[in-house]
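Written below as structure tokens is the structure these notes are about.
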Amino acid sequence: MAATVEAEHVAAEGGGGCCKGGRGTGRKKPDYLATVDVDPSSPNYSKIIHRLPVPYLDDELHHSGWNSCSSCHGDASADRRFLVLPSLVSGRIYVIDTKGNPKAPSLHKVVEPEDIIQKTGLAYPHTSHCLASGDIMVSCLGDKDGNAEGNGFLLLDSNFNVKGRWEKPGHSPLFGYDFWYQPRHKTMISSSWGAPAAFTQGFNPQHVSDGLYGRHLYVYSWPDGELKQTMDLGNTGLIPLEIRFLHNPARDIGYVGCALSSTMVRFFKTPDGSWNHEVAVTVQPLKVKNWILPEMPGLITDFLISLDDRYLYFANWLHGDLRQYNIENPQKPVLTGQGNRLRGGPQMIQLSLDGKRLYVTNSLFSPWDHQFYPELIEKGSHMLQIDVDTENGGLKINPNFFVDFAFEPEGPSLAHEMRYPGGDCTSDIWI
């Protein structure tokens, strides 16, 4: 089980999130979308006020995105109404209506994996972003058999019908995971986790040596879908996961968090129009005994950038800490805040639009949760709020906000990604 949790970006009544309710726990229960009240003046503050179970089992709800965001600027018909929830393992994509009743979202449509596979050959959907055209683009990590060679980018139309692949034939990456586009620079860059056949079984270091995990970034022409450049990050960029450009659409700089190397890598455009990269932050590994490796990496699994492009935040899932860096000089990030170890290790993070509230959950992916934090499977995960000092830097846990998924009606659940109904720091791309 894992969970995704949404929260309002203003002091409002509530938000929503997805929770994995059955897969990986031994219980045959569906995953669900949880709505959490984040209004400090509400009697239901810090409580789950609604749960929307999906109709199938063994989905592994993971990441999510909106049908419309700032990339649709100028389109009067665009409405941030539907939350797109890809199921990483089953391949289904759920579409959730959050406008009919914001406190109780409802299921609008299910895009079945058979339809996706038949028309595109794609499976294991992960990241979704809305496009200025009204279409929705979803990265898919492999084919139906879990081979990385079958990965690519799925296009859904504005009614969530399968249109086909986004990238040109023969221009699929070696591995898939996250992506971000910067329209003014006519560029999209994607990252690379690994072969689903490998990572769905838990983490085996031998699979890294066997070439089943990625270490590359893929640079595409936008919106044409032509693969222009492949950047090999080497041993300092193993398993690059979340990727973000700076929010300022004029900037040609971004970062990617490399999990196994525990580095934040900065990528940037060069004078000749190509792209290059360099390590911006390194988290030193810890020497350990009786573990799968002689040294334990921090395992940077998620990061985000504040809307003013001033601060970068990332989570070290295995070391158990959360960090804040000032990136006003993008080449030299400065550590300005660091959170203490959290139960299970901080994993997904989401920041309010004003940059003052950082929400944290601690489930990564149920097979990896079971391997590295078995207590999460037994007791469930949680959601915390971190108060952010936006003037001087600094992080402080809000003692009044704590959502414990240990006592859910169908048993302990795992909380994963969070979304704000009004937009957040990882869903909107500016043009």
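The values are calculated or read from the model by the stated rules, or taken from the named source; none is laboratory data. On a predicted model such as this, the values are computed, not experimentally measured, just so you know. Positions of Cβ are generated from backbone atoms using ideal geometry, with glycine treated the same way; all protein chains shown enter the neighbour counts. All accessible areas refer to the heavy atoms of the entire protein, side chains included, with ligands and DNA or RNA removed. Shrake-Rupley method; radii C 1.70, N 1.55, O 1.52, S 1.80 Å.
Going through Gly202, Gly164 one at a time, which residue ends up being small (Gly, Ala, Ser), under 22 Å from Ser133 (Cα atoms) and in contact with a helix residue (DSSP H, G or I) (Cβ under 7 Å, 6 or more places away or on another chain)? After applying the criteria, what remains is Gly164.
Quick grid of which residues meet (1) at pLDDT 95 or above; (2) within 25 Å of Thr200 (Cβ to Cβ); (3) surrounded by 20 or more Cβ atoms within 10 Å (Cβ to Cβ):
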| position | (1), (2), (3) |
| --- | --- |
| Gln371 | yes, yes, no |
| Glu375 | no, yes, no |
| Glu378 | no, yes, no |
| His382 | no, yes, yes |
| Ile386 | yes, no, yes |
| Asp389 | yes, no, no |
| Gly394 | yes, no, no |
| Asn398 | yes, no, no |
| Val403 | yes, no, yes |
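Please work out which residue is farthest from Asp232 (Cα to Cα), limiting yourself to the range 256-273 and to residues that are open to solvent by 10 Å² or more (accessible area, probe 1.4 Å) and among the polar types (S, T, N, Q). The extreme case among them is Thr270.
Of the residues making up the range 163-178, those that are open to solvent by 20 Å² or more (accessible area, probe 1.4 Å) and over 19 Å from the mean Cα position of the chain (by Cα) are Lys163, Arg165, Trp166, Lys168, Pro169, Gly170, His171, Ser172, Leu174. Residues in the range 242-255 that are open to solvent by 10 Å² or more (accessible area, probe 1.4 Å), in a strand (DSSP E or B) and closer than 16 Å to His129 by Cα: Arg244 only.
If the condition is being assigned to a loop (DSSP other than H, G, I, E, B), in contact with a Gly (Cβ under 8 Å, 6 or more places away or on another chain) and over 17 Å from Leu61 (Cα atoms), then the range 370-407 contributes Tyr373, Asp389, Thr390, Gly393, Gly394.
Residues in the range 370-390 that are in contact (Cβ under 8 Å) with a residue 40 or more places away in the chain and hydrophobic (A, V, I, L, M, F, W, C): Phe372, Ile377, Met383, Leu384, Ile386, Val388.
Looking at Asn151, is it open to solvent by less than 10 Å² (accessible area, probe 1.4 Å), in contact (Cβ under 8 Å) with a residue 12 or more places away in the chain and over 14 Å from Ile189 (Cα atoms)? Answer is yes for this residue. Looking for something under 28 Å from Ala197 (Cα atoms) and in contact with a His (Cβ under 7 Å, 6 or more places away or on another chain) - is there at least one such residue anywhere in the range 89-107? There is at least one residue in the range 89-107 that is under 28 Å from Ala197 (Cα atoms) and in contact with a His (Cβ under 7 Å, 6 or more places away or on another chain). Being closer than 24 Å to Ile429 by Cα, more than 21 Å from the chain's Cα centre (by Cα) and surrounded by fewer than 18 Cβ atoms within 10 Å (Cβ to Cβ) is a property that holds for Asn276. Could you pull out every one of the strands (runs of 3 or more DSSP E) wholly within the range 127-181 that has 1 or more residues that are under 15 Å from Ser68 (Cβ atoms) and in contact with a strand residue (DSSP E or B) (Cβ under 8 Å, 6 or more places away or on another chain)? Of the strands (runs of 3 or more DSSP E) lying wholly inside the range 127-181, those with at least 1 residues that are under 15 Å from Ser68 (Cβ atoms) and in contact with a strand residue (DSSP E or B) (Cβ under 8 Å, 6 or more places away or on another chain) span 136-142, 152-156.
Taking Thr301 as the residue in question, decide whether it is crowded, with 19+ Cβ neighbours inside 10 Å and of a type in the set (Val, Ile, Thr). The answer is yes for Thr301. Filter the range 343-369 down to the residues that are of a type in the set (Lys, Arg) and assigned to a strand (DSSP E or B) and list them by number. The answer is Arg357, and nothing else.
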